[in-house]
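In what follows, a single structure is set out as structure tokens and then discussed.
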Amino acid sequence: MMESAIVYDEIEYPAYSYPQIHPDRLATIARLHGMAPAPPDRCRLLELGCGCGSNLIPMALGLPESRFLGIDLASTQISKGRRQIARLGLANIRMDQLDIQDFSEDQGLFDYIVAHGLYSWVSETVQEKIFGIIEKCLSPEGVAYVSYNTLPGGHLRLMVREMLLYHCSRFDSARQKIEEARFFAELIAKSQIRPNSYGSLLQQERERVFCRHPHVLFHDELAECNSNVYFHQFMTQAAHHHLQFLSEADPRDVQPTANIEPSAVALLKKLGSETIAGQQYLDFFLGRRFRQTLLCHSSVAIDRTVTVDRITNLLVAANAKPTTSSLVDASDSEVLFSSVDSKDESASITTSHPLMKAVMVCLEDVWPLPISFQALWDAAHNLLLAWNPPKPFDSCNEWNCLAKMLFVCYQAGLVELHSWKPHLTSKPGKWPLASPFARLQSLEGDLITTLRHDQVQIHQAVNKKLLQLLDGTRDRSMILHDLQEAVLASQSPENGGPELNETAKRTGEMLDADLDRHLEDFGRLGLLVS
Ligand SMILES: C[S@@+](CC[C@H](N)C(=O)[O-])C[C@H]1O[C@@H](n2cnc3c(N)ncnc32)[C@H](O)[C@@H]1O
């Protein structure tokens, strides 16, 4: 076990944040299933294998009344997290360097227990311990999140992994192994002279190897342990610990049947969408290779019929734009709204429904903030009246109909449902203030966690500098002044040659003209504190 700590100490896992393990997401899904989970802003959350705290720290910052505990074996990761906690002055989070096997289960109950990127990469003993901790430490209405590699899709990954492991066994250092894995994945992918099914599988796997961060490739694909299980096997293990299936953490993963042939969909319908068998057959049809499963105690009476009230009691958000040329108005002409963030084609809706059109426009207007169903209803109603609809409005029917339409859009990934409103604003104000955690991250790399707990990449040094300057003590003229100073400082010989200086100068001039636009962009990304 010590070996795996050394490996994570040597080659750091990238600092990712995942919206699907935020207590807001877990509470929302639990509420949709009729549970009464702890509110995200007054909860207790445990993360197993928390790495450097890139999930836990921004959560603790955004939810000051909630308490967070993270454990991880790798001391460098824990030290890095502790340094950030100290710099941010957070008192509601603790990170312990500890083997999960030594976790003592007498630390009270947790409303949420999450383990991302852990289960498939640890021994069976540790897997059992993860379930043991969830069984004993999860509060009665609590929700646990466990991600893991699944079969049958995992077979393809395992086929290539075994070849890569064999090839890389001749090399000693982690860096050599990463380079050789990439080299060999490329070589086998192009080894077939004539097109054949083996060659196209290898080509697909090559794409996967190359789109991964090199350190993730090392820890995930080349790891000593990489177990893959069928969903039903995972759930059998969960049942031994008196845990049951609640749902998947990404609503798009529950019934992704858009690309499945109708007779197969008919079988899924017969089995029920959130049953063990229904989900298992879905994995067979999809060739699923990864799951992010939510569990709760078997004693919880889950009600899977999502009622209108459960939807209308939540907050709604969406960042979708009309992508057809037709005017968005109260006529019954069709408009296609597509998600701005998602490359997934199913994250879109074609609607001729005037109220739905008004709703999508209102949501885009307030993005990235979620708003209550009632506030959305009122805003959309007002917009509709301004559009002067040709037909009268039947509020009672429309209320229920809207809730159902939004739920369908939520399952498709076009609309988000929330239980909590983050403290963010899209309007920069006179003294713009960016998330302190994002400012800290921008000193170290390109991956930045937003106040929505998703991540964006900011590559350009000048944009990172701008983000760092947004600490609430500068107005626009001071920001511009300090940014120009930073650009000038970067022109010193030790900071780059003439090429960099030219770029820096041009970027400085560009910002002078476009500061407002850049601030608005940060606002829409969810980086500005309200
Ligand atoms: C793949 S990383 C995932 C980190 C983070 N959860 C994420 O998803 O970004 C797995 C983490 O689990 C930790 N880990 C592995 N085995 C462990 C054990 N037995 N006890 C505690 N932590 C462990 C590793 O040190 C590493 O930080």
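Between Gln97, Gln84, the distinction of being within 16 Å of the ligand (Cβ to nearest atom), of a type in the set (S, T, N, Q) and open to solvent by less than 40 Å² (accessible area, probe 1.4 Å) belongs to Gln84 only. Taken over segment 212-239, the criterion of being in a helix (DSSP H, G or I), more than 16 Å from Ser147 (Cβ to Cβ) and within 21 Å of the chain's Cα centre (by Cα) is satisfied by Pro214, His215, Leu217. Looking at Gln107, is it open to solvent by 10 Å² or more (accessible area, probe 1.4 Å), touching a helix residue (DSSP H, G or I) at 6+ places or on another chain (Cβ under 6 Å) and either within 12 Å of the ligand (Cβ to nearest atom) or in contact (Cβ under 8 Å) with a residue 12 or more places away in the chain (or both)? So Gln107 does not fit the description; no. Checked against (1) within 16 Å of the ligand (Cβ to nearest atom); (2) crowded, with 23+ Cβ neighbours inside 10 Å, Leu61 passes all but condition (1).
Just one of (1) of a type in the set (A, V, I, L, M, F, W, C); (2) within 30 Å of Pro39 (Cβ to Cβ); (3) under 23 Å from the mean Cα position of the chain (by Cα) fails for Val209. It is (2).
Across segment 459-476, the number of residues qualifying as among the small types (Gly, Ala, Ser) and within 18 Å of Gly429 (Cβ to Cβ) comes to 1.
Here is a yes/no grid of residues against (1) in a helix (DSSP H, G or I); (2) small (Gly, Ala, Ser); (3) at pLDDT 95 or above; (4) under 25 Å from Arg291 (Cα atoms):
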| position | (1), (2), (3), (4) |
| --- | --- |
| Ala144 | no, yes, yes, yes |
| Ser147 | no, yes, yes, yes |
| Leu156 | yes, no, no, yes |
| Leu165 | yes, no, yes, yes |
| Asp172 | no, no, no, no |
| Gln176 | yes, no, no, no |
| Phe183 | yes, no, yes, no |
| Ser191 | no, yes, no, no |
| Pro195 | no, no, no, no |
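Considering only residues in segment 160-186 that are exposed (fewer than 14 other Cβ atoms within 10 Å of the Cβ) and not charged (D, E, K, R), the one that is nearest to Ile11 (Cα to Cα) turns out to be Ser173. Which number in (1) within 15 Å of the ligand (Cβ to nearest atom); (2) in contact with a Lys or Arg (Cβ under 9 Å, 6 or more places away or on another chain) marks the one condition that Thr76 misses? Tallying (1) within 15 Å of the ligand (Cβ to nearest atom); (2) in contact with a Lys or Arg (Cβ under 9 Å, 6 or more places away or on another chain), Thr76 fails exactly one: (2). Looking at segment 431-453, which of the residues that are at pLDDT below 95 and charged (D, E, K, R) is nearest to the chain's Cα centre (by Cα)? Checked segment 431-453; the qualifying residue nearest to the chain's Cα centre (by Cα) is Asp446. When the test is whether a residue is in contact (Cβ under 8 Å) with a residue 60 or more places away in the chain, under 27 Å from Ile21 (Cβ atoms), in contact with a Leu (Cβ under 7 Å, 6 or more places away or on another chain) and of a type in the set (Gly, Ala, Ser), Ala238 passes it. For Ser298, state whether it is within 25 Å of Glu47 (Cα to Cα), open to solvent by 20 Å² or more (accessible area, probe 1.4 Å) and of a type in the set (Ser, Thr, Tyr). Considered against the rule, which asks whether it is within 25 Å of Glu47 (Cα to Cα), open to solvent by 20 Å² or more (accessible area, probe 1.4 Å) and of a type in the set (Ser, Thr, Tyr), Ser298 comes out as yes. Residues that are assigned by TED's automatic domain parsing to the domain that holds Gly132, surrounded by 14 or more Cβ atoms within 10 Å (Cβ to Cβ) and within 16 Å of the ligand (Cβ to nearest atom) are absent from segment 198-216. Suppose the filter is crowded, with 22+ Cβ neighbours inside 10 Å and not hydroxyl-bearing (Ser, Thr, Tyr); does Val340 pass it? It is false that Val340 is crowded, with 22+ Cβ neighbours inside 10 Å and not hydroxyl-bearing (Ser, Thr, Tyr). Yes or no: Gly70 buried (at least 19 other Cβ atoms within 10 Å of the Cβ) and either within 15 Å of the ligand (Cβ to nearest atom) or farther than 16 Å from Gly117 by Cβ (or both)? Yes. Just one of the listed residues (Leu246, Leu336) is in the same structural domain as Ala380 (by TED's automatic domain parsing) and either of a type in the set (D, E, K, R) or not in a helix (DSSP H, G or I) (or both), and it is Leu336. If the condition is being of a type in the set (Phe, Trp, Tyr), open to solvent by less than 30 Å² (accessible area, probe 1.4 Å) and more than 30 Å from Leu447 (Cα to Cα), then segment 217-252 contributes Phe231, Phe234, Phe245. Residues in segment 10-51 that are among the aliphatic types (A, V, I, L, M) and away from the ligand (no atom under 16 Å from the Cβ): Ala27, Ile29, Ala30, Leu32, Met35, Ala36, Ala38. Restricting segment 141-196 to residues that are of a type in the set (Val, Ile, Thr) and in contact with an Asp or Glu (Cβ under 7 Å, 6 or more places away or on another chain), the residue that is nearest to Gln127 (Cα to Cα) is Thr150.
The values are calculated or read from the model by the stated rules, or taken from the named source; none is laboratory data. It should be emphasised that the depicted structure is a prediction, and the values quoted were computed from it without experimental measurement. Backbone-built Cβ (ideal geometry, glycine too); neighbour counts: all protein chains shown. We work out accessible area using only protein heavy atoms, side chains counted, and drop any ligands, DNA or RNA first. Shrake-Rupley method; radii C 1.70, N 1.55, O 1.52, S 1.80 Å.
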